[in-house]
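Below is one structure, written out as structure tokens; comments come after it.
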Amino acid sequence: MNNFITKTKFIGPAVSQINWINKKIWEQYSQSKNYPVTVIQAGPGYGKSTTIVSYLNENYEDQYYWYSIDELDSDPALFFLNFIHAFKYKDQDIGSEAVKFLNQSGDKEIPLKKIIDIFINELLNKLDQEKFIVLDDFHLVNKKEKITNLLAYFIKRIPPFLHIIISTRSEINLPQFAHLKLKRQLLLIKEEEFSLSKKEINNFLESKYDLNLNKKDLKDIYQITEGWIIAVDLIGESLNNGTDISDIIKNKANSLDLLFKYLAFEVLENQNEKIKNFLLKTAALKYLRVEICNELLEIDNSEEIINYIIDKKLFTYYLGDNQFRYHHLFHEFLEEQGKKRYDYQKLHSKAADICLKNSENGFAIYHSLKAEDFDKAAEIILFSADKLLELGRLETLDEALEKLPDSKFEEIPRLYMYKGDVYRLQNHFDQALEAYQKAKESFLEEEDQINLSFILQKIAMIYLDTVQPLKAEEYLKKALEIRDKESLWVESDLLKLMAENKANEGHFEEAKNLFDQAEDGTEAEISNNNFSARVKLRTGKLKEAQEFLTDKLNNEEVETRRPRSHRETILILSLIESFMGNVDTALDYADDGIYLGEKLNSPFIKAVAYMRLGHAYQLSGNQYIEESRTAYNNSLKIIKKFNIPRGKAEPLMGLSLLEAFYGDCELGLKYGREGFEIAEQAGDEWLSGIINLNIALNYYFKGDYDQAEKILLDNIGRFKKLNDQFIKSVNRIWLVLIYDKENKLEKFDIVAENLLEVVRERGFEFLFKKNSLFTGDDHERFVPVLLTARDRGIKKNYVQGILAELGYSNLKNHPGYKLRIEAFGNLKVWQGKKVMHHSDWEREKSKELFLLFLLHLGETIPKEQIYYYLWPEKNEKKSGRNFKVILNALKNALEPDRKPRQKSFFIVRHGSSYGFNKKAAYNYDVEEFNKLIKSANKADSKQQKIEYYQTAVEKYKNDFVLDKLYLDWIRNERDRLRSLFLNTGDKLVELYFEEKDYQKAIELSDRLLEVDDCFERAYYFKMKSYHKLKRRSMAVKVYKNAAHILDRELNISPNSQLREFYNNII
């Protein structure tokens, strides 16, 4: 990749000795050190580049880097390669690790975010003073969404000492532009700041050209130039060459653009013929290099001429390394004039040959297209296309193809194939199909059978990528019919694609037979599409598929390949892990899938990864429901852009499941029906069956057991035909739960017997032992099924073993759900999916008794002590009667379906003492909060401590049980937890500060001050963080606010630590 580097891009334009300074602009530039990002937005000719380079040379000569962007940098990989080398040009040590990683990528698609992360870490380690990076002419890449998104990614993580200055003609397209302005992290300098006043025009002309004009002349110049500095400069040049001011006024144009052309024409006409010819001919080049100019013009004195025009200040800039460029406006003017005098097509054609000879293929394509030598351009494009596709440089190839005329595509249909490949790999499937169809028509007309079969195969790949087996089969069959029988390898390749398609339809025997026919297929080819793993997944062999793909993943990073759509190893693994209830690995693989989609420039891979992320978040429990919903919706948004109806089926499946377990069952049914119809139309019986299961679950949670039973029974038959024992078992586990609830014991016995036999044979015990995608976040709901099976002698020893592993060896009864308890803020309790309302508690005292048990978690409380807490003013006899009533009300509230005289699952009794059953199934936020802090305190690494403390702080939503402020016996626990939160927050904010994450330190300090506005340590770290971010005024403001609040609330002054720091910064 280093071959693409042109070092002259990293040198700012050379400026002569400063005779005049635009003080107004320099004052603005002086503020840039206080902002992470500065945007200079002005049209051409306003002096953006020259003023910023003059300012930096004067004030930060060795502290800035420069990157002059051109049109060829529109490829994201090339842009960021140049971005890194802009730093390396001045500081060789910076960027070495990032470039090393980049070079190790070889021909792989370049993982730009990972490279940016590596580069940011290098900057953090290397930068120890204020530094600036100037991105000049950013408007040339401003519309490239991938570049602006990646730059936004960099800005979000920008090191504290670095400041980005973006110079652009147009409004910048950064995603967080408005957010940065709102947060005062972006300085915007607009065009009006560059316009010169009459006084500034006078100063400029006097300083640069030693002109002393009267007020009338200055007024006239101001009126016709509107303060546009390049026009003022040209007028100064004309006046200096003897032109009369009255002639300029008399010939003034109707627009500034025309004025510039008029003035530039005057400048050009003042040159001798030799200089004029040089200017007009070399305007065909993007950059001026002495040897190129000599060869193009067939002269040997280009260096002498260039030195002359530089000396005469003819809007030409030295870029270093013997390379120059004209000012953009002057360049456009010269090109326009040159075309009137010379044959620019011949000049571009000659330049293309010179560039080819020098192995500069990018410039060769540029000049060939400018010369309208489309034969040569097409030849270079065809030569380079496969390599560009391998490197993932889709934009570069796309832009070159876009500039070819339609006639060239008709003449060379392979260009349509490459156009289709670009579209398909960008997931623009409709446009890809259109391009492939045009190629197909041409190959039909030319009777080119081999290429015709290839293009049919490519069309089929669109439908395979989007899992539309019925449409894919049509094209695969046609391709196989016309494939030349002598080309056995490609025939075997087609057979494997047909096998994959049959697997998508659920016809696994046919798929296996087709695969067996592909005798010449190598193991690498078979493995690459993950065919066997996907067959194992769809036939319920989860463990085998998991082991196969995990082994394969270890060697996959070094592969050179193109995107594989939904077939990516990590995407299949994420789905398998969700099926099996392995939350962490499911999340990791899904996150990696999103990164892979970005790395391979494949939005469809990202869409599938978001589906899988939705599944993994759903597994993570109630606190991640919104993240799950967002992930599914992100997937749907991407799919909608590319018009892939089949792609909607899985995220709709996920949303249907989400609503069944956590939300609105009517909405879940709507999602399920829509997804089912899409999967059925696509011919995917397996997925439509899974969505049908989700529909049944929504009916179950609605309480419509009859409808749920009907669907589950139909589904068992479907998955028997598809030979998927896993999904068949999932349908059975819900069916047997219905039979247990409705006491349909004969049906229960039959289904439970079959279910437990398969679970034991296939190792599906995890369905009972932990949460999984299709059993939800509460596997406790299936414990009653195990108890009934044990009591009825169905696989008794096996079931007893599962119960023992769950800790329920001697359990007699179970409510079929766990409790979820939140006590930070108002007390909230959920029984599985159902939230307990005020009326469910029957009596307010039963809720107080429950709170008392929570305060003494792990203990039992003597009943006399309970009397004292709940009825301190009543005698023991009366309190005893009240206690019996309240205790029974609490048991009924927590377990409303408990049978008379049945032992409570959640409340235990030891003699005359009572408490909450610690062995019961429950989640309690206060207990989790305490455990997280203990884990953090024991953790060895700083990162582990941060993660534990962070999670603990997030748990603390508000003070303990705010709706029971009147209970004195709760106050001590409330104060203890608040104090623990503040101490934990103090430790975490200090860690943030040590890690130089100053923004997080500020945000956490604010959170601590919401809980206790007199917490001085929070003020201290907030001040220090602002100071590190070079925002001294904010640090001072924090101190003054602290002093005011401490005086008002406690009548004290800030402590010595705060005062000392304040005195040091003022």
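The values are calculated or read from the model by the stated rules, or taken from the named source; none is laboratory data. All figures in this text were calculated on a predicted structure; none of them were measured in a lab. Quick reminder, even Gly has a Cβ in these numbers, built from the backbone with ideal geometry, and neighbours come from all protein chains shown.
Here are the numbers:
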read-out	value
Matching residues, segment 448-469, being under 32 Å from the mean Cα position of the chain (by Cα) and not in a helix (DSSP H, G or I)	Thr466, Val467, Gln468
Out of Leu389, Leu369, sole residue that is in a helix (DSSP H, G or I), modelled with pLDDT of 90 or more, within 38 Å of the chain's Cα centre (by Cα) and not hydroxyl-bearing (Ser, Thr, Tyr)	Leu369
Failed item in (1) over 30 Å from Tyr992 (Cα atoms); (2) under 22 Å from the mean Cα position of the chain (by Cα); (3) not hydroxyl-bearing (Ser, Thr, Tyr), with Phe154 passing the rest	(1)
Residues of segment 291-313 satisfying the condition of being aliphatic (A, V, I, L, M), touching a Ser or Thr at 6+ places or on another chain (Cβ under 8 Å) and farther than 30 Å from Ile235 by Cα	Leu296, Leu297
Of all residues making up segment 231-245, the number that are aliphatic (A, V, I, L, M) and either touching a Gly at 6+ places or on another chain (Cβ under 6 Å) or more than 13 Å from Leu213 (Cβ to Cβ) (or both)	2
Members of segment 817-844 that are farther than 16 Å from Asn923 by Cβ and in contact with a helix residue (DSSP H, G or I) (Cβ under 8 Å, 6 or more places away or on another chain)	Asn826, Asp840, Trp841, Glu842, Arg843
Residues of segment 159-197 satisfying the condition of being closer than 25 Å to Lys599 by Cβ and out of contact with any strand residue (DSSP E or B) (no Cβ under 7 Å at 6 or more places or on another chain)	Pro159, Asn173, Leu174, Pro175, Gln176
Counted residues, segment 935-961 - those being in a helix (DSSP H, G or I), in contact (Cβ under 8 Å) with a residue 12 or more places away in the chain and either touching a strand residue (DSSP E or B) at 6+ places or on another chain (Cβ under 9 Å) or not hydrophobic (A, V, I, L, M, F, W, C) (or both)	8
Residue within segment 871-889 that is in contact (Cβ under 8 Å) with a residue 24 or more places away in the chain, crowded, with 19+ Cβ neighbours inside 10 Å, among the polar types (S, T, N, Q) and on the phi < 0 side of the Ramachandran plot present	no
Selection within segment 738-777 - touching a Lys or Arg at 6+ places or on another chain (Cβ under 7 Å) and crowded, with 23+ Cβ neighbours inside 10 Å	Val751, Leu755, Leu756
Of all residues in segment 828-877 being in a loop (DSSP other than H, G, I, E, B) and among the acidic types (Asp, Glu), the one that is modelled with the lowest pLDDT	Glu873
Residues that are exposed (fewer than 12 other Cβ atoms within 10 Å of the Cβ) and either touching a residue at least 40 places away in the same chain (Cβ under 8 Å) or within 18 Å of Ile25 (Cβ to Cβ) (or both), drawn from segment 198-218	Lys199
Answer from Ser527, Ser574, Ser578 - the residue that is at pLDDT below 90, part of a helix (DSSP H, G or I) and not hydrophobic (A, V, I, L, M, F, W, C)	Ser527
Glu757 being over 23 Å from Gly801 (Cα atoms) and part of a helix (DSSP H, G or I)	no
Every residue from segment 316-356 that is over 12 Å from Lys286 (Cα atoms), free of Cβ contacts under 8 Å to residues at least 60 places away in the same chain and not in a helix (DSSP H, G or I)	Thr316, Asn322, Asp343
Qualifying positions in segment 238-261 - charged (D, E, K, R) and modelled with pLDDT of 75 or more	Asp244
Long-range neighbours under 7 Å by Cβ, at least six apart or interchain, first residue closer than 17 Å to Lys796 by Cα within segment 737-750, second β-branched (Val, Ile, Thr) and in a helix (DSSP H, G or I)	Asp740/Val785; Asp740/Thr788; Phe748/Val736; Phe748/Thr788
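For (1) among the aliphatic types (A, V, I, L, M); (2) surrounded by 18 or more Cβ atoms within 10 Å (Cβ to Cβ), each residue gets a yes or a no:
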{"residue": "Asn277", "(1), (2)": "no, no"}
{"residue": "Glu303", "(1), (2)": "no, no"}
{"residue": "Tyr308", "(1), (2)": "no, no"}
{"residue": "Asp311", "(1), (2)": "no, no"}
{"residue": "Gln323", "(1), (2)": "no, yes"}
{"residue": "Lys339", "(1), (2)": "no, no"}
{"residue": "Asn358", "(1), (2)": "no, no"}
{"residue": "Ala364", "(1), (2)": "yes, yes"}
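Every residue, every condition in (1) small (Gly, Ala, Ser); (2) assigned by TED's automatic domain parsing to the domain that holds Leu205; (3) at pLDDT 85 or above, yes or no:
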residue: Ser49; (1), (2), (3): yes, no, yes
residue: Tyr60; (1), (2), (3): no, no, yes
residue: Ser74; (1), (2), (3): yes, no, no
residue: Lys88; (1), (2), (3): no, no, yes
residue: Val99; (1), (2), (3): no, no, no
residue: Pro111; (1), (2), (3): no, no, no
